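Okay, so here's the structure we're looking at.
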Amino acid sequence: MLDAASKAFFHTLAGSRALKRLSSRYGFRPSGGFARRFIAGEDVGQALEATRALQASGMLITLDHLGESVSSSAEADAATRTYLSLIDRIVAAGVERNISLKLTQLGLGIDRATCLDNLRRVLDLSGPHGFFVRLDMENSPFTEVTLDIFETLWGLGYHHAGVALQSMLLRSDEDVRRVNRLGARVRLIKGAYNEPKAVAYHRKADVDTAFVRMMQALLTEGVYPALATHDVKMIEATKQFAAERGIGKDRYEFQMLYGIRRDLQTQLVADGYRMRVYVPFGREWFPYFMRRLGERPANVGFVLKGIFGER
Ligand code: FDA
């Protein structure tokens, strides 16, 4: 994890149209496109192919159709319809029924009601087919409203959804308790966004300490939590705490992002742990991709190789 200044730098680059154009041109070239490392493909067929390969090696999956921050109701409706057709494609393909989505993709930045209606459409179609739907967590201006929408739908009986919480946010201890009280499932993450000091820890040590604290609260008081991290220390702390408390490997799962620490993913499966890979796909991959670079500057090296190495 980088310090806040470096993270801010990559978040600024994420807003660059020129860089986005350049990336779109080179990211998925037939040979060696650099985006392939982190993005399963630009279309659903490629994502399903990646999914099958992961399942064949013993991994669980969640599919994410990339997109965020839409600015009109028409775009939010289009994104919702894309998710509805993704659900049909997943059912037809016979792969695991688990999806992740971002509420700003469904119109959260426009208004709460639009987003809630769109999410309900996704939950209405996915529920009877036995899906689990995870709400990703976005930057802090959306935390409260995301939880509020989640709670509203939970109260209406939509219990096949869960939410993500970020250990970097100062508020998250209370949010962990809040979601635990509902009996809903949490994905715990460190948090990928550039947040102000008023709301978030900025030192890695503090984010990590908070992660361990929240992991323990989720394992003892929560329902089937997901510990989503590539950090060996966090993973070891989880394994150790669960073993000490006699919490079986079937009562929680680890999650990692597609293409990151594949060695660790394979090892966890070999050791009998549940390991879910987050499989992102779609044409709107640029902001997601930039967050991955922001987490590890060494990734910039293979991007440059992908662009200049092919000329
Ligand atoms: P940390 O950043 O400390 O990295 C630990 C080690 O992991 C590094 O030393 C390196 O080896 C490896 N690593 C981490 N990132 C890497 C990268 N990009 N490339 C290569 N190696 C890398 N965030 C969010 O705000 N909202 C969300 O909804 C989600 N959802 C989500 C789902 C899943 C399944 C995962 C795994 C992660 C998310 N995230 C997220 C992202 C998360 O908040 C966080 O930014 C990243 O996971 C990186 O943090 P780590 O916990 O891996 O630790």
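The values are calculated or read from the model by the stated rules, or taken from the named source; none is laboratory data. These figures come from a predicted structure and were not determined experimentally. Note: ideal-geometry Cβ built from the backbone for every residue, glycine included; neighbour counts use all protein chains shown. Side chains included, ligands, DNA and RNA excluded: accessible areas come from the protein's heavy atoms. Shrake-Rupley method; radii C 1.70, N 1.55, O 1.52, S 1.80 Å.
A compact table of results
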| quantity | calculated |
| --- | --- |
| Options Ala243, Ala298; residue that is more than 15 Å from the ligand (Cβ to nearest atom) and either open to solvent by 50 Å² or more (accessible area, probe 1.4 Å) or closer than 18 Å to Ala40 by Cα (or both) | Ala243 |
| Residue, farthest from the chain's Cα centre (by Cα), within segment 128-140, restricted to residues that are within 13 Å of the ligand (Cβ to nearest atom) and open to solvent by 20 Å² or more (accessible area, probe 1.4 Å) | Ser140 |
| Gly246 touching a strand residue (DSSP E or B) at 6+ places or on another chain (Cβ under 8 Å), free of Cβ contacts under 8 Å to residues at least 60 places away in the same chain, farther than 22 Å from Lys102 by Cβ and not charged (D, E, K, R) | no |
| Among the residues listed as Leu218, Leu264, the single one being open to solvent by 20 Å² or more (accessible area, probe 1.4 Å), touching a strand residue (DSSP E or B) at 6+ places or on another chain (Cβ under 9 Å) and touching a residue at least 24 places away in the same chain (Cβ under 8 Å) | Leu264 |
| Single residue of Arg251, Arg291 found to be more than 10 Å from the ligand (Cβ to nearest atom) and either modelled with pLDDT under 95 or open to solvent by 20 Å² or more (accessible area, probe 1.4 Å) (or both) | Arg251 |
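To keep it simple, each residue is scored yes or no on (1) assigned to a helix (DSSP H, G or I); (2) surrounded by fewer than 22 Cβ atoms within 10 Å (Cβ to Cβ).
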residue	(1), (2)
Val145	yes, yes
Thr152	yes, yes
Leu165	no, no
Val176	yes, no
Asn180	yes, yes
Arg187	no, no
